[in-house]
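This report refers to the structure that appears directly beneath it.
The values are calculated or read from the model by the stated rules, or taken from the named source; none is laboratory data. Because the structure is predicted, anything quoted here is derived from the model rather than measured. Note that each Cβ is placed from the backbone with ideal geometry, even for glycine, and that neighbours are counted across all protein chains shown.
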Amino acid sequence: MKKKGQKNRIRMGAYLLVFLLFLTGCGKDKRNLDSSGITSMQQEQQEETTAQEEETKDAALENPKTEETKKSPAEVNMGSYKEAQEKKKNEQSLAEAEASEEAKKQDNDETEETKETEEEEDMIMVKEKEVMIVSASSLNLRRHPSMDAEVLARLSRGDEVEKTRFNDDWTEVEFRGQTGYVSSEYLVSKEEKETAGEESTAQQNTGGHIIAIDAGHQDHANNEQEPIGPGAAETKPKVSSGTQGIATNKPEYVLNLEVSLKLKQELIDRGYQVVMIRETNEVNLSNQERASIANDSGAEAFVRIHANSSTDTSINGTLTMAPTASNPYLSNLYSKCHSLAQHIVDSICEQTGSKNMGIQETDGMSGINWCTVPVAIVEMGFMSNPEEDQRMSEEGYQDKIVTGIANGLDAYFTEQ
Ligand SMILES: [Zn+2]
């Protein structure tokens with residue numbers, strides 16, 4: 001029993017010793033840990049502050065205006081740095097996600113491009129690409145004709161696009177090598193816009209000038225005599241019935257009225273005011289009376305429409321008639337009449353391609369001599385020439401004559 005009690009005492013002593021040693025060791029270790037702990041944390045913080053400084057410098061390079069760059073390294077604590085790192089990491093993964101999303105979308109779009117949406121299929125093709133101008137201050141060019149479709153580009157007012165297909169809502173256009181869709185509402189045709197501009201310019205040029213048009217002759221001749229000019233002893237029949245088409249058999253007065261009515265419309269369209277001496281064939285107006293109507297109308301130019309005739313059926317071409325420089329009745333209007341006649345004959349021949357026979361100066365025409373306004377007689381062509389007679393009855397050729405006369409008037413007034 002004694003031996004057992006001794007053993008226990010020794011064991012207790014050993015435990016005590018180990019315990020004491022343990023206590024001492026722990027204390028020492030703890031102190032060491034504390035000191036080394038502070039040192040390593042300071043070091044860590046220092047290192048991380050340096051890292052933050054680098055980070056800040058990088059950020060400053062990327063974006064010199066960010067708030068972060070304004071903070072001094074001392075202001076940046078570990079927490080915000082970690083937050084920044086975390087944020088950066090999140091942003092990176094978000095960007096990656098977006099990139100892969102975009103890639104997927106592009107893959108989808110590429111496969112979709114071969115298939116047309118219903119809206120696209122229903123679009124009307126244009127025969128020729130038409131240049132259109134954007135009328136909205138900002139207009140989205142979309143991949144498909146849908147408000148949900150990806151925006152390929154943003155167009156601005158005045159941008160030009162080429163229209164290839166369209167419907168009421170959407171127009172397919174080409175813009176700087178891209179094909180996309182824009183709202184049809186905000187496109188205007190460049191040509192229409194320019195024509196509208198030209199019309200207003202033309203109206204400014206014509207200044208609403210008044211033109212008198214006389215379709216020469218009438219259905220029945222009036223062979224009563226009248227003086228060929230104011231105070232003239234010489235007389236001429238009041239009005240003849242004119243010539244007749246060798247191929248068409250059309251009376252000249254009919255042809256003259258056809259062209260005169262077209263000219264009336266063309267001049268009105270160009271902004272002129274028009275006075276028609278006659279609009280039917282059933283009239284009885286002498287050449288002197290026709291001149292008087294023009295004089296009293298306030299007309300600034302008087303255009304008399306006629307067709308020519310010759311015994312030589314091979315003769316063809318266009319000419320205008322004007323007074324000579326020595327005309328006793330309207331010598332003061334010589335240069336204006338000459339200018340008017342020249343512009344008209346040149347402009348007609350430019351349009352029709354007919355032979356330009358120039359101005360025929362004469363003082364034997366009552367319808368000129370009684371005028372107090374610049375006047376020109378237009379001899380459109382020869383009804384005695386079968387080809388020219390036929391041509392003058394064609395709508396298209398008449399339109400060319402009319403365009404020529406109107407261009408001549410434009411040129412005349414531009415010069416005045
Ligand atoms: Zn005639």
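Inside segment 125-143, can you point out the residues that are more than 16 Å from the chain's Cα centre (by Cα), closer than 16 Å to Val188 by Cα and loosely packed, with under 14 Cβ neighbours inside 10 Å?
Ser138
Just give me the residues in segment 254-271 being within 16 Å of the ligand (Cβ to nearest atom) and without any contact (Cβ under 8 Å) to a residue 60 or more places away in the chain, in sequence order.
Val254, Asn256, Leu257, Ser260, listed by residue number.
Quick check on segment 281-319: of everything there that is part of a loop (DSSP other than H, G, I, E, B) and of a type in the set (D, E, K, R), which residue is farthest from the ligand (Cβ to nearest atom)?
In this case the residue turns out to be Glu300.
I need the full set of residues from segment 229-253 which are within 22 Å of Glu289 (Cβ to Cβ) and within 12 Å of the ligand (Cβ to nearest atom), in order please.
Listed by number, the residues that qualify are Val239, Ser240, Ser241, Gly242, Thr243, Pro251, Glu252, Tyr253.
From the list Ile401, Ile348, Ile344, Ile405, pick out the single residue that is more than 30 Å from Asn222 (Cα to Cα) and within 38 Å of the chain's Cα centre (by Cα).
Exactly one of Ile401, Ile348, Ile344, Ile405 is more than 30 Å from Asn222 (Cα to Cα) and within 38 Å of the chain's Cα centre (by Cα), namely Ile348.
So which residues in segment 336-380 are acidic (Asp, Glu) and touching a strand residue (DSSP E or B) at 6+ places or on another chain (Cβ under 9 Å), if there are any at all? First the steps, then the outcome.
Initial filter on segment 336-380 (acidic (Asp, Glu)): 346, 350, 361, 363, 379.
Of everything in segment 336-380, those that are acidic (Asp, Glu) and touching a strand residue (DSSP E or B) at 6+ places or on another chain (Cβ under 9 Å) turn out to be Asp346, Glu350, Glu361, Glu379.
Condition (residue is within 16 Å of the ligand (Cβ to nearest atom) and either in the same structural domain as Val274 (by TED's automatic domain parsing) or under 31 Å from the mean Cα position of the chain (by Cα) (or both)) applied to segment 325-333: is it met by at least one residue?
No, the conditions are met nowhere in segment 325-333.
Given the criterion of a type in the set (Asp, Glu) and more than 20 Å from Leu409 (Cα to Cα), identify the matching residue among Glu300, Glu279, Glu258.
The match here is Glu279.
If you scan segment 279-308, which residues turn out to be within 20 Å of Met392 (Cα to Cα) and either of a type outside the set (Val, Ile, Thr) or surrounded by fewer than 18 Cβ atoms within 10 Å (Cβ to Cβ) (or both)?
Glu279, Thr280, Asn281, Arg304, His306, Ala307, Asn308
Could you check how many residues of segment 396-416 are under 15 Å from Ala376 (Cα atoms) and charged (D, E, K, R)?
1
Since Gly317 meets every condition but one in (1) on the phi < 0 side of the Ramachandran plot; (2) touching a residue at least 40 places away in the same chain (Cβ under 8 Å), which condition does it not meet?
Among (1) on the phi < 0 side of the Ramachandran plot; (2) touching a residue at least 40 places away in the same chain (Cβ under 8 Å), Gly317 violates only (1).
Residue under question is Val274, and the condition is that it be more than 16 Å from the ligand (Cβ to nearest atom), touching a helix residue (DSSP H, G or I) at 6+ places or on another chain (Cβ under 9 Å) and under 18 Å from Ser347 (Cβ atoms); does it hold?
So Val274 passes the test.
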